[in-house]
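The values are calculated or read from the model by the stated rules, or taken from the named source; none is laboratory data. Just so you know, these numbers come straight off a predicted model, no measurement behind them. Every residue, glycine as well, gets a Cβ built from its backbone with ideal geometry; the counts of neighbours run over all protein chains shown. All accessible areas refer to the heavy atoms of the entire protein, side chains included, with ligands and DNA or RNA removed. Shrake-Rupley method; radii C 1.70, N 1.55, O 1.52, S 1.80 Å.
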Amino acid sequence: MKIAILITGSMPEALNDKFDSYPEMIIQLIDNQNIQMTFEKISCVDNIFPKNIEYFDGFIITGSAFGVYDKEEWIPNLFQLINEIYKKSIPIVGICFGHQAIAEALGGKVIKSEKGWGVGIKNMSKKCNVSWVNKNITNINLIYSHQDQVIRLPNNAKILFGNTFCPVSSFCIENKVFSIQGHPEFKSDFALELLDLRKDKIGKKNYTIAKKSLLNKQHDGKEVGKMIVKFFKSK
């Protein structure tokens, strides 16, 4: 399988020399499962897009510090690409910003939430059953780092996972879209350093709670990695 990773942002410069890039984190998450996939990184944030989407068996959209409502030339172009991928029924996965971009491109709605930052390891409960998620799974813990939230789903979409803070933590559309607000590709050490960089923006109370969760809780990123692989194979 040939998977295109659509790059929509980069990590803070202060962390560049200490950690792998966002697309590399995603590749490691999937490669750890010993499956035969090849990956091509495409820098949409630099307004570079695939010339032939049918060359790929699937797409993954990364996280980003941008918001889907930001006035950047490449964002409407990304929305157009998402629609083309969807119309061709090529499976697409969205992570954090990618989750929001898919929702917005396909007719949903994303806003900067009045609830503030969602950070640290948070639990979300399963809201429906799909073929690529083990039926025995009822809840999963994931690392989060976001302000924006999907508040209206695209047509035909179903909430897959959610919680009271972020009701649309994950949604799906048939076997065409699998979208996740959390970061299965992050590890706790990276998330802790990212949290420290954003401490002043996040606020003391949220920072303290998030840091405690990252130090003391386990997260299910690897399990979501398995879901992503099964999702691509379900087509």
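Suppose the filter is under 30 Å from Asn216 (Cβ atoms), of a type in the set (Phe, Trp, Tyr) and either in contact (Cβ under 8 Å) with a residue 60 or more places away in the chain or surrounded by 23 or more Cβ atoms within 10 Å (Cβ to Cβ) (or both); does Phe97 pass it? Yes. Of the residues examined, Asn16 is one that is on the phi < 0 side of the Ramachandran plot, modelled with pLDDT under 95 and surrounded by fewer than 19 Cβ atoms within 10 Å (Cβ to Cβ). The listed residues are Ser131, Ser64, Ser125, Ser113, and the only one of them that is among the small types (Gly, Ala, Ser), closer than 20 Å to Gly221 by Cβ and surrounded by fewer than 19 Cβ atoms within 10 Å (Cβ to Cβ) turns out to be Ser125. Remark: pairs (first residue in the range 34-46, under 29 Å from Pro76 (Cα atoms); second residue open to solvent by 80 Å² or more (accessible area, probe 1.4 Å) and of a type in the set (Val, Ile, Thr); Cβ separation under 8 Å; 6+ apart in sequence or on different chains) = Ile42/Ile48.
For Gly120, the requirement of being touching a residue at least 12 places away in the same chain (Cβ under 8 Å), out of contact with any helix residue (DSSP H, G or I) (no Cβ under 6 Å at 6 or more places or on another chain) and open to solvent by less than 10 Å² (accessible area, probe 1.4 Å) is not met. Residues that are of a type in the set (A, V, I, L, M, F, W, C) and either more than 23 Å from Val229 (Cβ to Cβ) or open to solvent by less than 10 Å² (accessible area, probe 1.4 Å) (or both) within the range 150-167 comprise Val150, Ile151, Leu153, Leu160, Phe161, Phe165, Cys166, listed in sequence order.
Does Asn123 count as closer than 15 Å to Gly225 by Cα and not charged (D, E, K, R)? It is false that Asn123 is closer than 15 Å to Gly225 by Cα and not charged (D, E, K, R). Scanning the range 186-211 for residues that are open to solvent by less than 10 Å² (accessible area, probe 1.4 Å) and assigned to a loop (DSSP other than H, G, I, E, B) yields one hit, Phe186. Against the definition (touching a residue at least 60 places away in the same chain (Cβ under 8 Å) and part of a loop (DSSP other than H, G, I, E, B)), how does Ile137 come out, yes or no? Here the answer is yes, as Ile137 does meet what is asked. Where helices (runs of 4 or more DSSP H) fall entirely within the range 6-113, those with at least 3 residues that are touching an Asp or Glu at 6+ places or on another chain (Cβ under 7 Å) are at 22-31. Output the residues belonging to the range 215-235 that are hydrophobic (A, V, I, L, M, F, W, C) and in contact with a strand residue (DSSP E or B) (Cβ under 9 Å, 6 or more places away or on another chain). Those that are hydrophobic (A, V, I, L, M, F, W, C) and in contact with a strand residue (DSSP E or B) (Cβ under 9 Å, 6 or more places away or on another chain): Val224, Met227, Ile228, Phe231, Phe232. Based on this model, can you work out whether Phe59 counts as modelled with pLDDT of 95 or more, of a type in the set (A, V, I, L, M, F, W, C) and touching a Pro at 6+ places or on another chain (Cβ under 9 Å)? Spelling it out, Phe59 is indeed modelled with pLDDT of 95 or more, of a type in the set (A, V, I, L, M, F, W, C) and touching a Pro at 6+ places or on another chain (Cβ under 9 Å). In summary, Gln147 fulfils each of the numbered conditions (1) under 19 Å from Thr62 (Cα atoms); (2) open to solvent by 50 Å² or more (accessible area, probe 1.4 Å); (3) modelled with pLDDT of 95 or more with the single exception of condition (3).
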